[in-house]
Structures are given as structure tokens and as C-alpha cells.
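Read through the structure below, which is laid out as C-alpha cells, and then see the notes.
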Amino acid sequence: MPMYYFYLHVNDDVVDADGTELPDLASAHEHARQVARELTFKRTGMLEGWKQWTMSVRDDKGEVLLSFQLSEVEVDSRPTGGRHRSTVGTKKSP
């Protein structure tokens, strides 16, 4: 399985040195959004001024595969509650 690295950026990078093994980019995107929801829990979150932060997903060569502003993530009232409602990487039932 490929390794994905999740960086946070506001003025400097917060580097994910360990990475996470995930099956594909869609899974990495979902994982990144879940981490972002946890960081922004109840809109105050663990990060000061989190609306200005960006998260990027990178491959093992450091290439940015996707990025988004934390302010774009739907904030749930529970830190890990409510699965992401996006259909990224999912198939709809007939």
C-alpha cells in the first residue's frame, strides 16, 4: 500500500514524518478530512486560527497530491462523530 503524508501549513509547515499507509488517494483524502474535523472540533479546535490553515496530502517523494483549507471541512459537533458526507471515492447504490 502507498504511504501518504499529511502536512499542515499556516506560516510554516507542520510535517507528518511518519505518514500513513492507505489503499488509494480517495482514502487519503477521506483520512485528511477526518483529521481536519478532529483538529477543528467545535470550531475552536486544537489549532489557533484554524480557518487560515491548509492541509496537504503528499506522496513519499513529497509531491502534493491534494490540498484544502481547513475552513472547507464540514465541522461536526463530535470530534470523530459523523462520517464525512462527501461521495469522494464512493459508489452510489442503484
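Values in this text are rule-based calculations from the coordinates and carry no lab data. Just so we're clear, the structure is a prediction, and the values are computed from it rather than from any experiment. Cβ coordinates were reconstructed from backbone atoms using ideal geometry, including for glycine residues, and neighbour counts include every protein chain displayed.
Data table
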quantity: Approximate shape of segment 3-72 as ellipsoid semi-axes (Cα gyration tensor, √5λ), whole Å, largest first; calculated: 20, 13, 10
quantity: Pair ALA17, GLN34: separation of 7 Å Cα→Cβ label points (nm); calculated: 2.5 nm
